[in-house]
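The values are calculated or read from the model by the stated rules, or taken from the named source; none is laboratory data. The structure displayed is predicted, hence computed values, not measured ones. All Cβ positions, even for glycine, are placed from backbone atoms using ideal geometry, and neighbour counts span all protein chains on display.
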Amino acid sequence: MKQQHSSRRNTGFTLIEVMVVLLIIGIMAGMIAPQILGNQEEAQIKTAAIDIQSLENALTQYKLSNNVFPTSEQGLEALVSEPTVDPIPRNYRQDGYITRLPNDPWNNPYQLLSPGEQGRIDIFSNGPDGEPGTEDDIGNWNINDYLN
């Protein structure tokens, strides 16, 4: 008499089951990704606004020490190292006013216009598009719009 062997159950996933799981993951990613990407851009804009506010505070300290703001030609570098072009500051701090200049979240340098077009001084980022004079520019004249 022949012995019948019980058939083993295949414990792997079928192609249909794998495809259903991938479809569910794709749907979830499609719903979540726009929210995450939107939060990333918002975080970058807030970071730029905070950086600009910090640079403005450092420039105020510079002015308190030297009675003038650095010129556009001297730029924000005047916060890190003593300017060598006129007007030479009379009471420049030995270690400067900040240790290093940050780049904006889009890896571009912040800009200084002194005297400014929007106020006494303008500190700004060209924003996500990197183009000056566009709607997405972030400056000390509009940072409160982004910090609230």
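Within the set of pairs 6+ apart or on separate chains, which have a first residue in region 113-126 that is assigned to a loop (DSSP other than H, G, I, E, B) and surrounded by fewer than 19 Cβ atoms within 10 Å (Cβ to Cβ), a second that is at pLDDT 95 or above and not aromatic (F, W, Y), and C-beta atoms under 6 Å apart? Pairs that qualify, where the first residue is assigned to a loop (DSSP other than H, G, I, E, B) and surrounded by fewer than 19 Cβ atoms within 10 Å (Cβ to Cβ) and the partner is at pLDDT 95 or above and not aromatic (F, W, Y), are G116/D122.
Within region 99-148, being farther than 20 Å from F69 by Cα and either touching a Pro at 6+ places or on another chain (Cβ under 8 Å) or among the basic types (K, R) (or both) holds for N103, W106, N126, D136.
Yes/no matrix, rows are residues, columns are (1) without any contact (Cβ under 8 Å) to a residue 60 or more places away in the chain; (2) assigned to a helix (DSSP H, G or I):
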| position | (1), (2) |
| --- | --- |
| V21 | yes, yes |
| A29 | yes, yes |
| E41 | no, yes |
| K46 | no, yes |
| A58 | yes, yes |
| E73 | yes, no |
| V85 | yes, no |
| R90 | yes, no |
| G96 | yes, no |
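Listed residues D104, D86; which is crowded, with 16+ Cβ neighbours inside 10 Å and among the acidic types (D, E)? Unique residue meeting the criteria: D104.
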